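The values are calculated or read from the model by the stated rules, or taken from the named source; none is laboratory data. A quick note: this is a predicted structure, and the numbers were derived from the prediction, not measured. Reconstructed Cβ throughout: ideal geometry from the backbone, glycine too, with neighbour counts over all protein chains shown. Ligands, DNA and RNA are stripped out before the accessible areas are found, and what is left, the full protein with its side chains, is counted by its heavy atoms. Shrake-Rupley method; radii C 1.70, N 1.55, O 1.52, S 1.80 Å.
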Amino acid sequence: MVSVAAGLCATLTLATTAACASPAALEETGSAPRVTLDGGALRLDGTPWWPTGFDAYQLATNWSINAGCGAQTDLDAYFSSLPPRSLTRFDAFRSFAVDKHTGGLDYSPIDAVFAAAERHDQLLIPVLTAQDGACEDGRYKQRSWYTDQWRGADTGADSGESFSRWVETAVGRWSSSPSIAAWELIGEPETAVCAEDSCALESRTCPADSADVLRTWVDEAGALVRRLDPGRLVTVGLLGGDQCGTAGDGYAKVAESRGIDMVQYHDYDDARFLPGRLAEVEKPLLVAELGIRAGSCLDVAERARRIDARFDDYRRLGAAGALVWNYVPDPRPQECTYDVGPGDPIFDVIGKARGEA
């Protein structure tokens, strides 16, 4: 079902798209950040906050406007189903702002996500691009993208402006939304070099200075966001393992960047690297993706129990919060997937983790 906001916006022309944004999102000056730092922890509106919630990358899909990625979501139904003041991480890519009929820009699908989150007093981490090109042009970002291409013309399927220009557009447009917990520069960055366009894992090489390249990029991209939205937290979607750019001491080197305030860990490996990563950094570390498959391979109630236990482990270790991968409005219970659909027992777990269920 199309959300109320998205349904209204879908009927508007490009010239009137701005009317779909909430009034706060269209102000010229940013709002005071609600999420702040307290050492290695987070505060929301001045109160200690251990955020829980979901990754829901497809929230800006609107089939009547953009090419979409994943199923279309009833935004009001989703945000109203969350425990109060939960955190959702979603893709705010330029591709979701491209009208598939005209090729012009139409921001209303992303506007609708911010507006719905604000209506229900929920928090967001907008992700501005992804390493693998998923939901964008499908192209893996190589080392050269980090050294210079991110500032130059985009030659991908949705070409028209550089990534740096998209950062200026997105942060400039939505910076005053009170729903923003943090801006995410990129999901799961790697600074590898590929021997072929498909960039299969076996074809990648990792130059010795890859951590330096990633650190420089985070410094510069983070500074750009800070200039546009002073005081708002900035993060980068580090996997947390031995990926190119973060292997060895690379994770700590990137974490020390003044361009970011919070680091991440994506847990698909029973948190194998998490204790070590927490020991390396002083900044808050958000477990921004926790993925456990269920459906045909595991009962969803048992998955919820395991996630509950994992949340307890994260707190004990010192993580700053946790998000579950991945909410979808159309789960596939007969398959073994990471899908978390409406009414899944995990909704009770994310509320309990913050004492709100």
Answer from Thr191, Thr147, Thr169 - the residue that is among the polar types (S, T, N, Q), open to solvent by 30 Å² or more (accessible area, probe 1.4 Å) and at pLDDT 95 or above: Thr147
Breaking point among (1) open to solvent by 50 Å² or more (accessible area, probe 1.4 Å); (2) farther than 25 Å from Val225 by Cα; (3) not aliphatic (A, V, I, L, M), for Arg258: (2)
Residues within segment 108-135 that are within 20 Å of Trp217 (Cα to Cα) and open to solvent by 30 Å² or more (accessible area, probe 1.4 Å), tallied: 1
Sole exception among (1) open to solvent by 40 Å² or more (accessible area, probe 1.4 Å); (2) among the hydrophobic types (A, V, I, L, M, F, W, C); (3) within 26 Å of Leu285 (Cα to Cα) for Leu185, by number: (1)
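Rundown of residues vs (1) out of contact with any strand residue (DSSP E or B) (no Cβ under 7 Å at 6 or more places or on another chain); (2) in a helix (DSSP H, G or I); (3) under 30 Å from Val213 (Cβ atoms), yes/no style:
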{"site": "Gln243", "(1), (2), (3)": "yes, no, yes"}
{"site": "Gly259", "(1), (2), (3)": "no, no, yes"}
{"site": "Pro275", "(1), (2), (3)": "yes, yes, yes"}
{"site": "Leu278", "(1), (2), (3)": "no, yes, yes"}
{"site": "Lys283", "(1), (2), (3)": "no, no, yes"}
{"site": "Leu290", "(1), (2), (3)": "no, no, yes"}
{"site": "Arg316", "(1), (2), (3)": "yes, yes, no"}
Subset of segment 292-314 (residues that are assigned to a loop (DSSP other than H, G, I, E, B) and closer than 23 Å to Val236 by Cα): Ile292
Residue that is modelled with the lowest pLDDT [pool: residues in segment 318-357 that are in a loop (DSSP other than H, G, I, E, B) and acidic (Asp, Glu)]: Glu356
Complete set of residues in segment 116-152 that are among the charged types (D, E, K, R), under 30 Å from Pro51 (Cα atoms) and not in a loop (DSSP other than H, G, I, E, B): Glu118, Arg119
Residue match in segment 113-126 (condition: closer than 20 Å to Glu161 by Cβ and of a type outside the set (A, V, I, L, M, F, W, C)): yes
Those residues of segment 223-238 which are open to solvent by 10 Å² or more (accessible area, probe 1.4 Å) and assigned to a helix (DSSP H, G or I), in sequence order: Ala223, Leu224, Arg226, Arg227, Leu228
Residue that is least open to solvent (accessible area, probe 1.4 Å) [pool: residues in segment 239-255 that are among the aliphatic types (A, V, I, L, M) and more than 13 Å from Trp217 (Cα to Cα)]: Ala252
Ala271 being of a type in the set (A, V, I, L, M) and either in contact with a helix residue (DSSP H, G or I) (Cβ under 8 Å, 6 or more places away or on another chain) or within 30 Å of Ala221 (Cβ to Cβ) (or both): yes
Candidate set from segment 74-123 (those that are hydroxyl-bearing (Ser, Thr, Tyr) and in contact with a helix residue (DSSP H, G or I) (Cβ under 9 Å, 6 or more places away or on another chain)); member that is farthest from Ala320 (Cα to Cα): Thr102
Which numbered condition Glu220 misses (of (1) open to solvent by 50 Å² or more (accessible area, probe 1.4 Å); (2) over 30 Å from Arg173 (Cα atoms)): (2)
Filter pass, Ser176 being in contact (Cβ under 8 Å) with a residue 40 or more places away in the chain and open to solvent by 10 Å² or more (accessible area, probe 1.4 Å): no
Cβ-Cβ under 8 Å pairs, at least 6 apart or on other chains, segment 287-300 side within 14 Å of Asp270 (Cβ to Cβ), far side among the acidic types (Asp, Glu) and crowded, with 16+ Cβ neighbours inside 10 Å: Val287/Asp267; Glu289/Asp55; Glu289/Asp267; Leu290/Asp267; Gly291/Asp267
Any strands (runs of 3 or more DSSP E) falling wholly within segment 26-107 and containing at least 2 residues that are open to solvent by less than 30 Å² (accessible area, probe 1.4 Å) and at pLDDT 95 or above: 41-44, 52-55, 87-91
